[in-house]
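To keep things clear, I will list the structure first and then write my remarks on it.
Coordinate-derived values only; no laboratory data. Because the structure is predicted, anything quoted here is derived from the model rather than measured. In this analysis, Cβ positions are derived from the backbone assuming ideal geometry, glycine residues included, and neighbour counts consider all displayed protein chains.
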Amino acid sequence: RQAGGKIVVSPAIAVRYAVRSSLKGLSRQMFCYGYWRRFTQLLHPKDVPLRVYAPPALVAGLALSLLLAATPLRVLSLVLPLIYAAYVLIGVAGAIRKLGFASAACVAAALPCMHVSYGLGFWRAFLSPQTRVLFRRAAYPSIN
């Protein structure tokens, strides 16, 4: 698009998505998404929407909440977890409305699994020297 090209959307294009059969599989998938999203963010910093930073911010906020729980400010440690719990409950309510009660437990487990795993993957890549090496190789192939 930056070079003047166009994106073509066709209803004839088929996409296959493999639903993960366990929370462990979903967690592993989302961790990898978060890890490699950090790599993509390094390569294309202008093309990363702000929503990409929500899961890493959640993980950082939850870590801060744990630290605050051990201080006299422990009441503040509940703010983010309660806000996130409300978010998950809204998601559960939407799932119940659209899919019925059977889906509620799945959504209640899947949302935190996805968000925390993605955030942890992002932070793992952010703190990893290996990610910077991969970035330099991809961004500057002639130097390697």
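Annotations for the structure displayed:
- Sequence-distant lysines (8 or more away, or on other chains) whose Cα lies within less than 22 Å of Lys46: Lys6
- Among residues other than Arg37 with Cβ under 12 Å from its Cβ, the summed charge is +2 (Lys and Arg +1, Asp and Glu -1).
- Sites excluded, chymotrypsin sites (Phe, Trp or Tyr not before Pro) in DSSP loops with at most 12 other C-beta within 10 Å, longest stretch of the chain: 18-100
- From its DSSP helices (H runs of at least four residues, each -39,500 (n - 2.57)), the chain gives a residue-normalised ellipticity at 222 nm of -22500 deg cm²/dmol.
- Membrane-span-like helices in the chain (whole DSSP H runs, Cα extent of at least 27 Å along the helix axis, mean Kyte-Doolittle hydropathy of at least 1.0): 79-99, 102-127.
- Taking Val15, Val75, Val59 as the candidate residues, the one with maximal mean-square fluctuation in a Gaussian network model of the chain, Cα springs under 10 Å, is Val15.
- Residues of type lysines that Lys24 reaches as a straight line, Cα spacing below 28 Å, ignoring anything fewer than 8 places off in the same chain: Lys98
- Cα centroid of segment 17-44 to Cα centroid of segment 85-136, whole Å: 10 Å
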